[in-house]
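What follows is a set of notes on a single structure, which appears directly below.
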């Protein structure tokens, strides 16, 4: 009987972060951002499993929105402007912001949640309650 070994030569990839706020290989906290430049005002508009949605008042030209995004996040996260830098996505709406200050993903997520509008918090609570209801309903059926 001949044994055949699997020829899977793809390198193992690290697991993706569990949410929009993670820690990179160098220990810096990173935030996945979906930017909406040209808005009326700067605001955290939504928190999803993939990214933090941020409306930016500056236009998306010549890096104005990127600079405004970093400045706004430094204010929201109570960090120095120099500690909030754009890591990826200079010409894209999908961005990664790196925090050079010593902090944790949990602290950052908590500050971002406080900045999110009440309707987002209510919607997330409703989703959680609906999932609990569905889970309890499925248990009752069994």
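In whole Å, what are the extents of segment 30-88 along the principal axes defined by its C-alpha atoms, from largest to smallest?
That works out to 27, 23, 20 Å along the principal axes.
How much length is gained on full extension from residue 75 to residue 49, taking 0.36 nm per residue of separation minus their Cα-Cα distance?
That pair, residue 75 and residue 49, stretches by 7.1 nm at full extension.
If each residue's Cβ is checked for other Cβ atoms within 10 Å, how do 48, 103 rank with the fewest at the top? Walk me through the numbers on the way to the answer.
Working: 48 13, 103 17.
Going from sparsest to densest Cβ surroundings: 48, 103.
Rg over Rh of segment 38-124, using C-alpha atoms and the Kirkwood radius, what does it come to? Write out the running numbers ahead of the final one.
Numbers: Rg = 12.6 Å, Rh = 13.4 Å.
Here the Rg-to-Rh quotient is 0.94.
I need the calculated FRET efficiency for the pair residue 26 and residue 132, taking r as the beta carbon distance and R₀ as 35 Å, to the nearest 0.05.
Values: r = 38 Å, r/R0 = 1.09.
Once rounded, the FRET efficiency stands at 0.40.
No lab work stands behind these numbers, since they all come straight from the coordinates. Bear in mind the structure is a predicted one, so any value in this text is a computation, not a measurement. Counting neighbours? That spans all protein chains shown, and the Cβs are built from the backbone with ideal geometry, glycine included.
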